[in-house]
Amino acid sequence: MNYDKYIAKCVKEIPPSGIRKFFDIASEMDDVISLGVGEPDFTTPWNICEMAIYAIEKGQTHYTSNHGMTELRIEIKKYLSERFELDYDINEIIATVGASEALDIAFRAIVEAGDEVLVPAPSYVSYMPGVRLAGGVAVPVLTVAENDFKYTREVLEKVITEKTKAIIMPFPNNPTGAIMTKEELEDIIDVIIKNDLIVISDEIYAELTYDYKHVSIATLEGMKERCIVINGFSKAFAMTGWRLGYVAGPRELVDAMVKIHQYTILCAPAAAQEAGIEALKTEHKNGFKQVRNMINQYNRRRRFMHEELNKIGLSCFEPLGAFYVFPDIRKTSLSSYEFCERLVKEKMVACVPGTAFGEGGEGFIRCSYASSMENLKEAIKRITEFLEENGWL
Amino acid sequence: MKNIRTEILDILQDDAKVSAKEIASMLGEKEEAIAAEIKKLEEEKVILKYKTLINREKAEYDHSEGIIEVKVEPQRERGYDEIAKRIYRFDEVKAVYLMSGTYDLSVHVEASTMKQISEFVFEKLAVMDGIRSTATYFIMRKYKEHGVVFVEDEKDERLVISP
């Protein structure tokens, strides 16, 4: 059969993932030290796992409300308010299958064929395909190292057209580790308001900021009404495999999103929702001790990686969020892909080429420090050897 | 942000082999400052000793450990301290804690064989003045000690590369 003619055009047009190709190379090798992992190296705290097991034992194995369990949304509401000064009613929150689903229903709820959505570049791999699958046109907004990979009003004004409907705010950022401070956000919001854009703010790394506390763009004056805030349990609570996220926003937009959610997903997994309740309740009671401890550990590794990479001449700006450093490898005159391919083949250290994250990623590689200190030390040692042996150091 | 002392202790408690240079890099401080602080912590006896956690089962030599619950007669003026001191001076004794609850001292002992521990209890400990009773428990398997899991190798289950 000629399947090609059956596959939808918009699916065919999405390029294969740049990560997938690299994954195939790295996963065939033994003893690879991986700096290529986009998830915490911590396992989910045991109290959370234990509660989910108990939930299954007592028969919590059914559908829940489309929006998610009321108790979960009450906890999310309290959490958002306490940690990020975001105030939402429980009817303005939907529990989703990871932040990924939240992104998808946000795109599909607002994008119509031909609508333009501003997508940061480089950025997380799902934004561009997500917008396209919703029928929209993803317009890259180039962020650059010289500007610490932040949005600026000049760049935004250049790419906005009358077809622009929404903008993705991706801070703290994967892969660059960039954040935007309150002042920097204030500097761009009038451009957003003037052009009447909806903001889709992906705040999955909100807990993981260093030296600065995360400021949600939705807390700025006049912004809440035009913001869809997306967050989840994966990064802050080391719960990637549970697939539990959430989206909060104005009631009308949430009602539109829940329409898609109820017909395509129905509800987030019940046991994961129970786990989410436990995660938030216990952390709330303990003053977010586990989260703070995790951030402290990441912070040490972050400083270590930032300093060591700069020391061996792979300059990188200081990342202030997430768990990635994004060093510049242009002095080697290799492409990002060549650099990563040779590094894994010659020294068995896996990083992700910056180009996997779209435009603007060429010349950079993403190194995740969600790995033990021993691994990080060994990785730095091997990268140093790699540079020395090739005469780049 | 925790203070530097707490941070240093926290890092060294987890891994005593981390160098002052590495700690400095992890905390964004100068190496000399960290080295000086560690020295101070040692001088003040906040840091008492750097030891190694060994999985004896894998080391394959004879080794036995027990925990003894000891009830004692506290002494006037000296309370429990005097009797605790008489106990902890024995080489076999690795730890002594004063406990709340149904007994007074928890005594942790180590020797090559269970027999040696038994002999220690009935020859040295149980007969000591001021000791009312002892109950000895042998450790059969260690699952976790000092926050480290003994029985399984913790594997990284994550995909090698993920977005």
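The values are calculated or read from the model by the stated rules, or taken from the named source; none is laboratory data. This structure is a prediction, so every number in the text was calculated from the model and none was measured. Counting neighbours? That spans all protein chains shown, and the Cβs are built from the backbone with ideal geometry, glycine included.
When each of A:A356, A:A279 is tested for being touching a Gly at 6+ places or on another chain (Cβ under 6 Å) and either small (G, A, S) or in a helix (DSSP H, G or I) (or both), the lone residue that passes is A:A356. Listed by first and then second residue, the pairs with beta-carbon distance under 6 Å, at least 6 apart or on different chains, first residue in region A:328-352 and in the same structural domain as A:L35 (by TED's automatic domain parsing) and in a helix (DSSP H, G or I), second charged (D, E, K, R) and surrounded by fewer than 17 Cβ atoms within 10 Å (Cβ to Cβ), are A:S336/A:E362; A:K347/A:R382. Picking from residues in region A:296-313 that are touching a Ser or Thr at 6+ places or on another chain (Cβ under 8 Å), in contact (Cβ under 8 Å) with a residue 40 or more places away in the chain and assigned to a helix (DSSP H, G or I), the one that is nearest to the other protein chains (Cβ to nearest Cβ) is A:F304. Scanning region B:82-103 for residues that are surrounded by 13 or more Cβ atoms within 10 Å (Cβ to Cβ) and of a type in the set (G, A, S) yields one hit, B:A84.
Only one of A:R303, A:R251, A:R330 is of a type in the set (K, R) and more than 30 Å from A:K381 (Cα to Cα). Can you tell me which? Within the list A:R303, A:R251, A:R330, the selection yields A:R251. Checked against the criterion of being of a type in the set (S, T, Y) and in contact with a Gly (Cβ under 9 Å, 6 or more places away or on another chain), the candidates A:Y88, A:Y54 yield just one match: A:Y88. When region B:113-140 is examined, which residues are found to be in contact (Cβ under 8 Å) with a residue 24 or more places away in the chain and not in a strand (DSSP E or B)? Within region B:113-140, B:T113, B:M114, B:Q116, B:I117, B:F120, B:V121, B:K124, B:L125, B:M128, B:G130, B:I139 meet the criteria.
Taking the stated definitions as given, is A:Y324 out of contact with any helix residue (DSSP H, G or I) (no Cβ under 7 Å at 6 or more places or on another chain), surrounded by 24 or more Cβ atoms within 10 Å (Cβ to Cβ), under 27 Å from B:M26 (Cβ atoms) and among the aromatic types (F, W, Y)? For A:Y324, the condition - out of contact with any helix residue (DSSP H, G or I) (no Cβ under 7 Å at 6 or more places or on another chain), surrounded by 24 or more Cβ atoms within 10 Å (Cβ to Cβ), under 27 Å from B:M26 (Cβ atoms) and among the aromatic types (F, W, Y) - is met. At least 2 residues being over 16 Å from the mean Cα position of the chain (by Cα) and more than 14 Å from chain A (Cβ to nearest Cβ) is the threshold, and among the strands (runs of 3 or more DSSP E) wholly inside region B:1-112 those reaching it are B:64-72.
Annotation: of all residues in region B:123-141 being within 17 Å of B:E110 (Cα to Cα) and out of contact with any strand residue (DSSP E or B) (no Cβ under 8 Å at 6 or more places or on another chain), the one that is farthest from the other protein chains (Cβ to nearest Cβ) is B:E123.
Highlighted here are the helices (runs of 4 or more DSSP H) found entirely within region A:2-111 that include at least 2 residues which are within 25 Å of A:K235 (Cα to Cα) and within 14 Å of chain B (Cβ to nearest Cβ): A:18-27, A:46-57, A:98-110. Quickly run through region B:124-163 and pick out the residues that are under 28 Å from B:E82 (Cβ atoms), exposed (fewer than 14 other Cβ atoms within 10 Å of the Cβ) and of a type in the set (D, E, K, R). Of everything in region B:124-163, those that are under 28 Å from B:E82 (Cβ atoms), exposed (fewer than 14 other Cβ atoms within 10 Å of the Cβ) and of a type in the set (D, E, K, R) turn out to be B:D129, B:R132. The set of residues from region A:15-42 being of a type outside the set (A, V, I, L, M), over 28 Å from A:G130 (Cα atoms) and surrounded by 14 or more Cβ atoms within 10 Å (Cβ to Cβ) comprises just one member, A:F42.
Determine, yes or no, whether B:Y50 is in contact with a Leu (Cβ under 7 Å, 6 or more places away or on another chain), hydroxyl-bearing (S, T, Y) and free of Cβ contacts under 8 Å to residues at least 60 places away in the same chain. Judged against the criteria, B:Y50 is not a match.
Answer yes or no as to whether A:E318 is under 20 Å from the mean Cα position of the chain (by Cα), of a type in the set (D, E) and surrounded by fewer than 24 Cβ atoms within 10 Å (Cβ to Cβ). For A:E318, the condition - under 20 Å from the mean Cα position of the chain (by Cα), of a type in the set (D, E) and surrounded by fewer than 24 Cβ atoms within 10 Å (Cβ to Cβ) - is met.
Working only within region A:261-315, note down all residues that are under 24 Å from the mean Cα position of the chain (by Cα) and among the aromatic types (F, W, Y). Scanning region A:261-315 gives A:F288, A:Y298, A:F304.
Listed here are the residues, each with its yes/no results for (1) within 26 Å of A:L309 (Cβ to Cβ); (2) surrounded by 12 or more Cβ atoms within 10 Å (Cβ to Cβ); (3) at pLDDT 95 or above.
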position: B:M1; (1), (2), (3): yes, no, no
position: B:A20; (1), (2), (3): yes, yes, yes
position: B:G28; (1), (2), (3): yes, yes, no
position: B:E31; (1), (2), (3): yes, yes, yes
position: B:A36; (1), (2), (3): no, yes, yes
position: B:K39; (1), (2), (3): no, yes, yes
position: B:E43; (1), (2), (3): no, no, yes
position: B:I47; (1), (2), (3): no, yes, yes
position: B:N55; (1), (2), (3): no, no, no
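Only one of the numbered conditions (1) within 29 Å of A:I295 (Cα to Cα); (2) of a type in the set (G, A, S); (3) not assigned by TED's automatic domain parsing to the domain that holds A:M373 is violated by A:S27, and that is (3). Of everything listed in (1) within 30 Å of A:K289 (Cβ to Cβ); (2) crowded, with 17+ Cβ neighbours inside 10 Å, the single unmet condition for B:S106 is (2).
Out of curiosity, is A:M169 among the hydrophobic types (A, V, I, L, M, F, W, C), within 14 Å of another protein chain (Cβ to nearest Cβ) and under 17 Å from the mean Cα position of the chain (by Cα)? So A:M169 fails the test.
When region A:201-213 is filtered for residues that are in contact (Cβ under 8 Å) with a residue 60 or more places away in the chain and farther than 18 Å from A:G245 by Cα, the ones remaining, listed by number, are A:T209, A:Y210, A:D211, A:Y212. Output yes when any residue across region A:1-14 is among the acidic types (D, E) and either modelled with pLDDT under 90 or within 25 Å of A:A138 (Cβ to Cβ) (or both), and no when none is. Looking for residues that are among the acidic types (D, E) and either modelled with pLDDT under 90 or within 25 Å of A:A138 (Cβ to Cβ) (or both), one finds at least one in region A:1-14, hence yes. Just one of the listed residues (A:K21, A:K5, A:K9) is free of Cβ contacts under 8 Å to residues at least 40 places away in the same chain, in contact with a helix residue (DSSP H, G or I) (Cβ under 9 Å, 6 or more places away or on another chain) and more than 19 Å from A:V325 (Cβ to Cβ), namely A:K21. Of the residues that make up region A:239-246, is at least one in the same structural domain as A:N66 (by TED's automatic domain parsing), of a type in the set (G, A, S) and within 14 Å of A:S100 (Cβ to Cβ)? Yes, the conditions are met somewhere in region A:239-246. If the condition is being away from every other protein chain (no Cβ under 14 Å) and closer than 23 Å to A:A268 by Cα, then region A:112-126 contributes no residue at all.
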